[in-house]
Amino acid sequence: PDLNVVDQDIPLSKNLNFRKIHNYLIILKKSLLFILKLCFSLFFPRERRFQSRTKMALPFCDIPEDLQLRILSFLSPAEISSFACTSKRYASLCREDGKIWHVMCDRKWGKKTQIQKWGSGRITYKLLYKTLNGLDNLIGFWRLCGRANPPDSSPPLVFFEWGSSFVLGSRVLAISDDTYQVRKTPFLEMGISSEGRSENFLDLDGNGRSGDEIDDDWRSNLVPVDVNFMGNGHIMVEENRFSREEHKSPVAKGSSSDESEDATSPPSFVVSEMYTQLANKTTSPRSDRRRQRKKEKERQARIKWEPEHFIKVSDFSPTVTKPLQGLWKGFSEGRNMELYMVKYDEVGGIICKKVEDLSLSRHTSPVFWTRNHAFARCPFSAEEELILDGRIHITPLPVEVCEEVVSGILYMNSSYDLAGRVWLYENGTFGFGFLRDQFIVDLKRVAFEDGCLADVLEA
């Protein structure tokens, strides 16, 4: 016989045998697993298996204390308070300020602020957690509301961000320097004293502190205020006259003990008002009205800041379904930069207003509005192409005009019931214009990146 033919036939028969053996082993394995599961279920019922697993679990009291503190740091303050009520040992464990509350503060705000510097490092981390948790809702944009003629010191738009040992609210102002940058000046600083009291100061001049240390000369120019939270999206800022009077009349060095005792007495204006009320009881109604008018004039002369209300701007960034939503900036026909806010109403329309008009209590006309937010997509009609071509884009003078690719067109109405268009660009920005003129106002976002305001020209 030919040996070469035999060598070729042998490997083929071996492969067939190996496949059969492999299939038999798989069947045998499945059969054994089924028999083992059946025996296990007969000799070890489900209740006994559950009891065996519970016996293997380690009770919380047997866990090392470091691990216990680590586990507690992942709970909420309400859950920690409930856990502290279970036993005296756990109550003392929950009072570990440096191992529980410090870890909680560092995990939530360690990358945003320097928690060791709050309150000059003299307050408990439990109090710090409560303070920072209340201030956390402030971060973002807030707008002034409810004033007929707001003064220049009242900014229409405020941006709150984390500082090293405080929360800083800054005025956001549009500037006319032929760029899309906005100006940010200090307005309101919120912190906590070493005694654990809230310290809030208004910087009416917008100078700001030079560093982390607080200068006495700088603080003397500030106005102490109270910030009252009236819900999650509404605050009222009013002057704290008691704190201002205390800062105005400090106890001089080398004064006698009687003078130091007088420092703890009520402020002078409170005493004068008390005596005035007692004197008014024995005077005529006419003199009473004169005194009240005089007292009101004196009070108005002492006030540096009238109470102001601010509303949080929750939707300040566009989304996929609402591409025009948010805060925008752009140049008007007079080449002055304006801040705009675009909102989607409940019936499916879009309204655009200037930010400064939102702070007024009286009715102001919108820049433009639409009845729906459905964009007409390309290809566009010849009429729409003719409306778009030949228009002048209003941009800063040094900037070269580069026409963006239009991805959608929205029909709109203006404040004076004139027709117009909104052109949505492929890069996410948009421009608007009216049929009565040949201009396009191109808008860019008021950028918010990593908790900070972008495109800022520092004061």
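The values are calculated or read from the model by the stated rules, or taken from the named source; none is laboratory data. The model shown is predicted, which means the values in this text are computed figures rather than measured ones. All Cβ positions, even for glycine, are placed from backbone atoms using ideal geometry, and neighbour counts span all protein chains on display. Ligands, DNA and RNA are excluded from the accessible area calculation, which covers all protein heavy atoms including side chains. Shrake-Rupley method; radii C 1.70, N 1.55, O 1.52, S 1.80 Å.
Remarks
- G451 meets all of the listed conditions (1) at positive phi; (2) modelled with pLDDT of 85 or more but one, namely (2).
- Pairs are defined by a Cβ separation below 7 Å, a sequence spacing of at least 6 or placement on different chains, a first member in segment 331-346 that is touching a residue at least 24 places away in the same chain (Cβ under 8 Å) and farther than 16 Å from H373 by Cβ, and a second member that is among the polar types (S, T, N, Q) and outside any loop (DSSP other than H, G, I, E, B); no pair meets this definition.
- Some residue of segment 136-159 being open to solvent by less than 40 Å² (accessible area, probe 1.4 Å), touching a helix residue (DSSP H, G or I) at 6+ places or on another chain (Cβ under 6 Å) and free of Cβ contacts under 8 Å to residues at least 40 places away in the same chain: no
- Of all residues in segment 162-185 being under 16 Å from W142 (Cβ atoms) and either polar (S, T, N, Q) or open to solvent by 20 Å² or more (accessible area, probe 1.4 Å) (or both), the one that is nearest to the chain's Cα centre (by Cα): W162
- Among the residues of segment 71-128, those that are open to solvent by less than 50 Å² (accessible area, probe 1.4 Å), over 24 Å from W162 (Cα atoms) and part of a helix (DSSP H, G or I) comprise L72, I80, F83, A84, Y90, A91, L93, C94.
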